[in-house]
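Written out below as structure tokens is the structure these notes cover.
A short reminder: the numbers here are calculations on the coordinates, not readings from a lab. Computed from a prediction, not measured in an experiment: that's the story for all the values here. Cβ placement follows ideal geometry from the backbone for every residue including glycine, while neighbour counts extend to all protein chains displayed.
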Amino acid sequence: MLVLASASPRRKELLTQAGFTFRIHPSSVSEDLRADEDPIAFAVRLAREKAQAVFDELTTHDSMDDPLLVLGADTVVVSPTKEILGKPKDANDAARMLRLLAGGTHSVVTGIAVVSRSGVELASELTYVTMSTISEVEIEAYIQTGEPMDKAGAYAIQGYAALWIPRIHGCYFNVVGLPLALVGNMLEGAEKRLRTEAAAAAH
């Protein structure tokens, strides 16, 4: 049984688009940045903590016939000035983030964790995103749509902000919130290990 340890509607849509059958069980892990933690370490740690927390919570309901597989993910945006940007606290914070990103190239990091009884697999994806210059009027109008408020870096590449992104280098789906090719490979590997262990146990 595949469980997504995230309440993100974007991740739900992407997993569904890729043909996965899964249930959703969000984690309540704190998303605070630790001192001197770099973006990749931060995103991977949060992904692992989210997946592990949900695995531990649900593992009592696990069965040998349908082993539990928990997918955790966390996405952060790193501004051109190397500031790690999560979700904005309010409209002013969203405007501040968009000003930081406008007219430059920033990076998007997603940490991925797959937790099962066979162990934990961790990985990350990095994409570079170039954003055009944006006027204060455009920033204010964008914030009024509400779209930036629950997005890392205060924008959605699949939404209105697409108008300001002339190019990316790397995985597009990573910027949306879930690098599907990487996730597919990790889930395939985890499922294969579980099948191998089950077959060995049967003998």
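Please count, across the stretch 2-202, the pairs of lysine residues with Cα atoms under 28 Å apart that sit 8 or more places apart or on different chains.
Summing the qualifying lysine pairs gives 13.
From the C-alpha coordinates alone, can you work out the Kirkwood hydrodynamic radius of the stretch 2-202, in Å?
In the stretch 2-202 this quantity evaluates to 17.6 Å.
Pick out, in residue order, every one of the GluC sites (Glu not before Pro) in the stretch 2-83 that is DSSP loop and has at most 16 other C-beta atoms within 10 Å; say none if there are none.
Those satisfying the criteria are Glu31, Glu37, Glu83.
Just to confirm the number: angle between the C-alpha axis of helix 39-58 and the first principal axis of the chain, 0 to 90 degrees, nearest 10?
Helix 39-58 sits roughly 40 degrees off the main axis of the chain.
Within the chain, what is the longest stretch that has no trypsin sites (Lys or Arg not before Pro) placed in a DSSP loop and near at most 11 other beta-carbon atoms within 10 Å?
90-203
Against the longest principal axis of the chain, how steep is helix 91-101, in degrees 0 to 90 to the nearest 10, with axes from Cα atoms?
Approximately 90 degrees, to the nearest 10.
What number comes out for the charge environment of Asn185, summing +1 per Lys or Arg and -1 per Asp or Glu over other residues with Cβ under 12 Å away?
The answer is -3.
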